[in-house]
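Here is the structure we will look at.
The values are calculated or read from the model by the stated rules, or taken from the named source; none is laboratory data. Computed from a predicted structure; not experimentally measured. Here the Cβ is made from the backbone with ideal geometry for all residues, glycine too, and neighbour counts use every protein chain on show.
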Amino acid sequence: MAMDGASVVPRRYLVTFALLASCFALWGLLNNMTDNLVPSFQRIFMTTQSTAGYVQVSFYGAYSVIALFASFLVQRAGYRVGVLAGLGVYVLGALLYVPACIMQSFWTYIVGIFVVAGGCAVLETTCNPYVLALGDESTAVRRLNFAQMFNPVGSLAGIVLAQQLILSHLNPATFDERAAMAPDVLKGVVHEELFWVCVPYVGLCAIAAASWLFFFFSRPTEIDRGQEGHVGIGEVLGILARSPRWYCGVVAQVFYVGVQIAAWTWMNVYCQKELGVTPATAANYYFIALCLFIACRWICTFLMKYFDPARMMALFALLAVLSSFGVMYLDSRVLFTVRGLPFSANVLCLCAMSGFMSLMFPTIYGIGLGGIDPKAQKLGAAGLIMAIVGGALLTPWMASIIDSPGFWAKLVPMFDATVDQNLNASSMSLRASFIVPVICFAVVFLYAVAFRRRKPACHEN
């Protein structure tokens, strides 16, 4: 593929790009399987939505801790070593799921999830700037969008694995029925459910190990081998502090990642409550949303050949705000069914929201690093990956509204406030919680409008 005479992926980097694309798919798979652990753990461990939300706090909070260390590793040892470290840390974290299952310990799972996420943080900190470096700067944003297209493919695989191996093996017993079980019976039920939680994560260790071997035996590229001279941290921070498109990009990325994770986390619960479907059936809407996410990302990547990415993102952010209002205010009357799967106006808006999110992460990332002095790119990349902590910040915010809507209930007073004991949520609280996506997409819209120039100034500082 070429644009204005410059290849999106130069021929000499095709193998490296393909290997990196596999990593994009891997962490997409892990992210979306983890989203499904929230409703699963809420049922298995009989917790509130807020407590189950610690899954996301652990997973996305790891990015705020690990990404900075990953940037220093890449600075000293190169991109290839960063990829190897990320894959190795993932394998270690996934293996912690085994003792967590044996002990039936929620908090041991939280530790394992943190380590798995640490591996993902190292991979994302490494792979995103690596992809940007694999070719001409004029095609960098488009190249990153191209690589990111493999991320939702992994996400789809994660949904299928979660649906077939985790959600489908949840015992249908309600909260009250579980509470009434004899301790030995309940322990057996929980062991069976947690065993199936472990299966996909531990099984993926084999794929991660195979990728690790590919990178270990591959020859380093000139980009990976080329190291900059010593640059003081003060100089780098000064460059970044004078780059508004970078630090505003970090803020926008916090809100974008936060809304993506929060909306997808509570999508299953929302569909269960509004349409009265089971957790496994509700996962079908997640699957549909991811298919739409993939299709829109592929289409947007192609259209970026002709249109300014920032302007496209502004339009999509505006449409996402409107979709969020639809989730809050449109009713749940079934409009039609597809192979027995019911659809209502509010759930259609919930699915459409994923399509409008499709181009945001790589576009914010590409705009944020665009024109930054190369001396500051690796630390700048770490900042944009650390922004994934938004998932740990906004998911609990939505959870707190779901558990106790308080002031936010005034936004949707017309809906039922009766709490479903199995879901620990009401229609009113779930709908009110989607004010969070409205706010987040508005922030992304403002960033896109502020930095809608076609090409940033070279080495902005």
How about region 209-263: which of its residues are outside any helix (DSSP H, G or I) and modelled with pLDDT of 85 or more? Arg242, Ser243
Just checking, how many residues over region 43-56 are assigned to a helix (DSSP H, G or I) and either surrounded by fewer than 20 Cβ atoms within 10 Å (Cβ to Cβ) or modelled with pLDDT of 85 or more (or both)? 6
Quick one: would you say Thr139 is of a type in the set (S, T, N, Q) and under 23 Å from the mean Cα position of the chain (by Cα)? no
Go through the residues of region 271-279 one by one and say whether even a single one is over 17 Å from the mean Cα position of the chain (by Cα), more than 21 Å from Met428 (Cα to Cα) and either among the charged types (D, E, K, R) or not in a helix (DSSP H, G or I) (or both). no
Within region 132-140, identify whether any single residue is part of a helix (DSSP H, G or I), at pLDDT 85 or above and among the polar types (S, T, N, Q), and answer yes or no. no
Ala173 being in a loop (DSSP other than H, G, I, E, B), of a type in the set (A, V, I, L, M, F, W, C) and over 17 Å from Asn36 (Cα atoms): yes
Quick one: which residue in Val250, Val257, Val269 is closer than 19 Å to Phe24 by Cα, touching a residue at least 24 places away in the same chain (Cβ under 8 Å) and in contact with a helix residue (DSSP H, G or I) (Cβ under 9 Å, 6 or more places away or on another chain)? Val257
Among the listed residues Ala208, Ala173, identify the single one that is surrounded by 14 or more Cβ atoms within 10 Å (Cβ to Cβ), small (Gly, Ala, Ser) and within 29 Å of Ile385 (Cβ to Cβ). Ala208
Against the condition modelled with pLDDT of 80 or more, within 14 Å of the chain's Cα centre (by Cα) and under 19 Å from Val116 (Cα atoms), how does Ser40 come out, does it pass? no
List every residue pair whose Cβ atoms sit under 8 Å apart, with the two residues 6 or more apart in sequence or on different chains, where the first one lies in region 80-100 and is modelled with pLDDT under 90 and the second, anywhere, is of a type in the set (Asp, Glu). Arg80/Asp224
Scan region 385-395 and tell me whether some residue there is at pLDDT 90 or above, part of a helix (DSSP H, G or I) and either over 30 Å from Ser427 (Cα atoms) or under 17 Å from the mean Cα position of the chain (by Cα) (or both). no
Which of the helices (runs of 4 or more DSSP H) found entirely inside region 294-384 contain at least 1 residues meeting this: touching a Lys or Arg at 6+ places or on another chain (Cβ under 8 Å) and under 30 Å from Phe415 (Cβ atoms)? 309-329, 345-357
If you check Ile288 against the conditions, is it over 30 Å from Phe451 (Cα atoms) and surrounded by fewer than 23 Cβ atoms within 10 Å (Cβ to Cβ)? yes
Which listed residue, of Ala450, Ala442, is modelled with pLDDT of 90 or more and either more than 30 Å from Glu235 (Cβ to Cβ) or surrounded by 19 or more Cβ atoms within 10 Å (Cβ to Cβ) (or both): Ala442
